[in-house]
Each structure stands twice: as C-alpha cells, then as structure tokens.
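Just passing along the structure, written as structure tokens.
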Amino acid sequence: FLGAGKPPMYGDYEAQRHWQEVTYNLPIRQWYFNTSDNNLLYWGLDYPPLTAYHSFLCAYIAKLINPDWIALHTSRGYESQPHKLFMRTTVFVADLLVYIPAVILYCFSLKETSTKKKASICALCILLYPGLILIDHGHFQYPLSLGFALWAVLYLSYDWDLLGSVAFCLALNYKQMELYHSLPFFCYLLGKCFKKGLKGKGLILLTKIAGTVVVSFAVCWLPFCTDMEQIMQVLRRLFPIDRGLFEACMFSSPPPRLANIWCSLSVLIKIKNIVSPQTQLKLRETKPVLCIAVTYANISLISFSKVSCALSFFLFSFQVHEKSILLVSVPVCLIINEIPFMATWFLLVSTFSMLPLLLKDGLLLAYVVTMPAFLSACVASFSIFEKTSAEDLQLKPFSLSLKGYVSWFKSFPKIVRSLFLLSVTLMGVLSLMSAAVHPPQRLPDLFPVSVSVISCLHFLLFLVYFNVIILWDSKNSRSQKKIS
C-alpha cells in the first residue's frame with residue numbers, strides 16, 4: 001500500500017489505523033482537536049462522526065486481538081502482517097455487510113433483469129469494477145458511504161422514502177463527499193412531495209422526511225453537540241476551504257495529478273499563482289451542476305442525475321484526491337444494464353484516471369489484471385459492441401430532434417466503436433509508458449499530466465453525453481404528459 005515503511009506519514013493505511021488509535025484512546029471531545037495526544041497534522045480526523053465511530057468499533061476489536069496495534073503514540077507506523085490481515089478483513093467485512101448486498105439486491109430489483117441469470121451477471125460486472133477494488137483493498141479505504149448511498153437508491157425505488165432518507169443521511173455522515181449525490185436525492189424527494197400536493201399528503205410526507213433527516217443527523221452528531229466550538233471544529237475539519245482548489249497528498253512527490261478542469265488547466269495556466277484562495281473558492285461555487293431538477297419525482301432518472309451531478313462536482317469543485325471519481329463511478333455502475341457500452345467505457349476511463357496513484361501504491365500488477373478482466377466480463381455479459389446504436393445509447397430522442405442530421409446517425413455505431421477502440425488503445429499505451437518508460441528530465445511529470453488531461457477530456461465528453469440523455473428524456477416525458 002502507498003507509503004508503507006515510509007515515515008513520517010506512511011500512507012492511507014496508517015491513516016485508518018491512526019484514527020482507530022485516536023478514537024479508542026482519547027475522549028470524544030478531543031477527536032477533532034489538535035492536542036499533545038492528537039496531532040492533526042499527522043492524519044487528523046477529517047471525516048464526519050460516523051467514520052470516527054466505525055474507527056472506534058474496529059479499534060475495540062483490534063484491542064482484543066493485540067493492544068499494540070492501537071497503543072497511543074507507540075503504534076505509529078505499525079505494519080505487521082497480522083495487523084495487515086486484520087485491517088484488510090475489516091474492509092472485506094464492510095463489503096459483505098453493506099456494499100455487496102446492496103449491489104445484489106439492486107440488480108435483482110431492476111425491471112430489465114427479468115431473470116436471475118441476468119441479475120447475477122449485472123451484479124458480477126458491478127462487483128468486478130476495478131476502480132473500487134483497487135482503492136478499497138489496495139490503496140485502502142472503506143466502501144461504507146457508497147454502500148449506504150446505494151441502499152438509499154434501492155429504498156427509494158420501492159417508495160420507502162423514510163428508509164432511503166436514513167440511508168443517505170448515514171452516507172453523508174460517513175463521508176462528506178456524498179454531497180456530490182445530495183441534489184438528486186433532495187430534488188427527487190421534494191418533487192415527490194409537490195406531486196402529492198403540499199396541502200395534503202405531500203405536506204405529511206415532507207414533514208416525515210424532514211423529521212427523519214433531523215433525527216438521523218442528531219443521533220450521529222449528539223456527542224459533539226455539547227457546545228458550539230465542538231460543532232464548528234468538526235465542520236472546519238470536514239470543509240477545509242482555506243486549502244483552495246488544490247490539495248496535494250502530503251507524502252507525494254511530485255503530487256499526483258487530478259483529472260479535473262483545474263488541474264488540467266494548470267498545465268497551461270498556473271491558477272494557483274494568479275488566483276487568490278478566496279477567488280478559487282468563488283470559482284468552485286460556480287460549478288455547473290446541470291439538469292438536477294429533472295429528477296422531480298422521477299425515479300428512472302435519479303441514477304443519471306447522480307452521475308451528472310457527481311461528475312460536475314468532480315470536474316469543477318475543489319478536489320482532495322483522485323479517488324473522488326469513485327463517487328461518479330458507482331452511480332455509473334447502477335446504469336450499466338441500461339447503457340452497457342458507455343458505462344463500461346466510463347468505468348475503464350475512471351480507473352485509468354487514478355493510474356498515477358495506483359502506481360505509487362504498487363498496484364500495477366493488480367491494475368493490469370483487473371482492467372482486462374472487467375472489460376472481458378462486460379463484453380461477454382452485455383455484448384457491448386452490439387449495443388452502440390443511437391437507441392442503445394439512449395440518444396434516439398436526441399437524434400430525432402436533429403432533423404437534418406438523422407442520416408448521419410446511421411454511421412454513428414461505427415464511429416462510437418472506433419472512438420472506443422482508440423480510447424482503450426491510448427489508455428493502454430499510456431499505462432505501459434507510465435510503468436516502464438522514464439520521462440525526459442525536462443518533463444518529469446509528463447505521464448501523470450498526460451493521464452490527467454486525457455482523462456479530463458473523456459470526462460467532459462461523458463458529462464455532455466449524460467446531460468443530453470437527461471434533457472431529452474425529460475423533454476420527452478413532458479411532451480407525453482401534454483399529449484395525455
């Protein structure tokens with residue numbers, strides 16, 4: 001894993017272990033404060049309370065097995081094989097309890113997967129997504145926030161709105177980056193209330209949802225609500241806006257490149273040198289989160305809107321690390337059965353965009369194995385190369401609106417397949433060069449920058465594509481309602 005045996009920070013594995021050390025040995029009121037026993041510059045807690053509680057639970061179990069694993073101060077940088085086994089087991093257990101059941105139930109609930117075989121194939125392809133496997137089990141993090149968000153989508157699809165609200169509150173209280181998905185959930189539930197009428201059942205539903213959200217947050221934050229300073233300190237740790245648009249990993253040299261607009265533009269324009277942190281914050285706030293309102297009481301569009309919203313946030317908001325793309329990738333996994341070709345393409349690019357981080361983690365072999373395995377599974381399961389027509393890509397309404405260009409869409413499948421093969425070839429060549437070729441001395445960051453820029457261009461095109469689907473699907477729905 002990244003940083004293994006490399007003081008002073010050791011890596012994300014050490015971050016998770018250190019949070020267990022802090023939460024077990026210190027009182028709750030000190031978890032987010034800088035003290036002699038809790039140096040916030042050394043992997044200080046910067047995730048919401050639910051992450052801290054999870055760390056405490058893992059620490060309690062670790063204490064029963066070997067107290068040295070979480071001993072205050074003396075356990076820093078602990079990397080024994082038994083401890084690695086324990087830590088990786090905790091990730092696997094989190095997968096088994098939260099993420100994997102949500103994926104399986106979601107796939108079996110889809111109308112399109114009419115048979116158990118189709119549902120199983122869909123679930124297998126989602127679970128084989130290499131990005132999440134490599135980050136969770138290689139780079140090291142827990143899948144709980146994404147799992148809770150997936151449970152929320154599943155509950156909403158069954159009209160269990162209160163359970164869906166609780167599940168999404170848990171996701172938000174595990175990782176604040178779930179705000180990427182908050183607007184589609186908010187608009188869907190609010191739209192449903194409006195649809196029922198705010199003078200009758202809609203008002204009752206709105207009151208229930210509001211009460212559920214307040215109670216869920218209150219339960220999670222209760223230990224930190226003893227005074228305002230506690231609350232403000234936790235919020236300062238969760239939203240470090242003074243860092244501006246960029247935040248490099250402290251142990252990276254050179255820092256990894258992010259496949260978003262700001263890092264890609266910084267290749268040509270040194271934004272950090274010419275734009276103040278205050279202006280950077282304003283730029284972040286102008287990110288174009290498009291088409292969110294079309295989730296208005298329409299469950300069929302919520303996954304597409306989550307993709308569009310999360311991708312807009314990823315491209316235009318201030319970033320923490322490359323793995324934020326997973327917040328886009330998991331919603332894309334949910335629509336792999338609807339648009340298998342484009343979903344597979346996006347998921348390959350999202351994993352490729354994390355290549356600099358994966359190389360630093362020593363995950364080259366795992367990357368080389370999981371990427372072709374995932375592509376092969378999607379090709380075999382969905383026959384993706386046979387599903388490249390405008391109708392298969394859900395672009396039929398859009399193509400019909402371009403009256404003078406409909407004939408051009410006849411060659412559309414061939415063009416799309418050619419672009420896909422060109423894209424995959426380019427990713428393969430760059431992956432090989434990044435791993436095996438030394439960059440020129442004058443351009444030491446040549447390969448990470450190339451990965452960043454190429455991935456960013458892909459993501460911009462995908463953003464346009466997903467928003468076209470949402471806009472024209474929404475326009476189509478409105479037209480049908482008028483006819484009715």
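The values are calculated or read from the model by the stated rules, or taken from the named source; none is laboratory data. Predicted, not measured: the structure shown is a model, and the values here were computed from it. Note that each Cβ is placed from the backbone with ideal geometry, even for glycine, and that neighbours are counted across all protein chains shown. For accessibility, only protein heavy atoms count, side chains too; no ligands or nucleic acids. Shrake-Rupley method; radii C 1.70, N 1.55, O 1.52, S 1.80 Å.
Here is a list of conditions, (1) touching a helix residue (DSSP H, G or I) at 6+ places or on another chain (Cβ under 8 Å); (2) in a helix (DSSP H, G or I); (3) farther than 20 Å from L457 by Cα; (4) modelled with pLDDT under 90, and L357 meets all of them except one; can you say which number that is?
Exception for L357: condition (3).
Return yes or no: is E21 charged (D, E, K, R), at pLDDT below 90, open to solvent by less than 60 Å² (accessible area, probe 1.4 Å) and in contact with a helix residue (DSSP H, G or I) (Cβ under 9 Å, 6 or more places away or on another chain)?
no
Follow-up. Conditions first: (1) open to solvent by 10 Å² or more (accessible area, probe 1.4 Å); (2) within 19 Å of E14 (Cα to Cα); (3) of a type outside the set (D, E, K, R); (4) part of a helix (DSSP H, G or I). L96 passes all but one, so which condition is the exception?
Result: L96 passes all but (2).
Where residues in the stretch 212-265 are at pLDDT 70 or above and in a loop (DSSP other than H, G, I, E, B), which of them is nearest to L179 (Cα to Cα)?
Among those that are at pLDDT 70 or above and in a loop (DSSP other than H, G, I, E, B), it is F239.
Being at pLDDT 95 or above and buried (at least 20 other Cβ atoms within 10 Å of the Cβ): is that true of L50 here? Full working, then the answer.
Details: at pLDDT 95 or above: yes; buried (at least 20 other Cβ atoms within 10 Å of the Cβ): yes.
Answer is yes for this residue.
Continuing with the same structure: Considering only residues of the stretch 157-198 that are of a type in the set (G, A, S) and modelled with pLDDT under 90, which is most open to solvent (accessible area, probe 1.4 Å)?
S157
Filter the stretch 388-432 for residues that are at pLDDT 80 or above, open to solvent by 60 Å² or more (accessible area, probe 1.4 Å) and of a type in the set (S, T, N, Q); which is nearest to the chain's Cα centre (by Cα)?
Taking the candidates together, the pick is T425.
Out of all the residues in the stretch 111-132, is one or more over 30 Å from L355 (Cβ atoms), open to solvent by 40 Å² or more (accessible area, probe 1.4 Å), among the hydrophobic types (A, V, I, L, M, F, W, C) and without any contact (Cβ under 8 Å) to a residue 24 or more places away in the chain?
No, the stretch 111-132 contains no residue that is over 30 Å from L355 (Cβ atoms), open to solvent by 40 Å² or more (accessible area, probe 1.4 Å), among the hydrophobic types (A, V, I, L, M, F, W, C) and without any contact (Cβ under 8 Å) to a residue 24 or more places away in the chain.
Quick one: would you say Y106 is in contact with a helix residue (DSSP H, G or I) (Cβ under 7 Å, 6 or more places away or on another chain), of a type outside the set (A, V, I, L, M) and open to solvent by less than 50 Å² (accessible area, probe 1.4 Å)? Don't jump to the end; show me each part of the working.
Numbers: in contact with a helix residue (DSSP H, G or I) (Cβ under 7 Å, 6 or more places away or on another chain): yes; of a type outside the set (A, V, I, L, M): yes; open to solvent by less than 50 Å² (accessible area, probe 1.4 Å): yes.
Here the answer is yes, as Y106 does meet what is asked.
Among the residues of the stretch 422-452, write down those that are farther than 21 Å from L364 by Cβ and either of a type in the set (S, T, N, Q) or in contact (Cβ under 8 Å) with a residue 60 or more places away in the chain (or both).
Going through the stretch 422-452, the residues farther than 21 Å from L364 by Cβ turn out to be 422, 440-443.
Matches in the stretch 422-452: Q441 only.
Tally time: how many residues in the stretch 219-235 are of a type in the set (F, W, Y) and open to solvent by 70 Å² or more (accessible area, probe 1.4 Å)?
Qualifying residue count, the stretch 219-235: 0.
Of the conditions (1) open to solvent by 90 Å² or more (accessible area, probe 1.4 Å); (2) modelled with pLDDT of 85 or more; (3) part of a helix (DSSP H, G or I), Q441 clears all except one; give me its number.
Here Q441 meets the rest and fails (3).
Could you please find all residues in the stretch 58-89 being among the aliphatic types (A, V, I, L, M) and outside any helix (DSSP H, G or I)?
A71, L72
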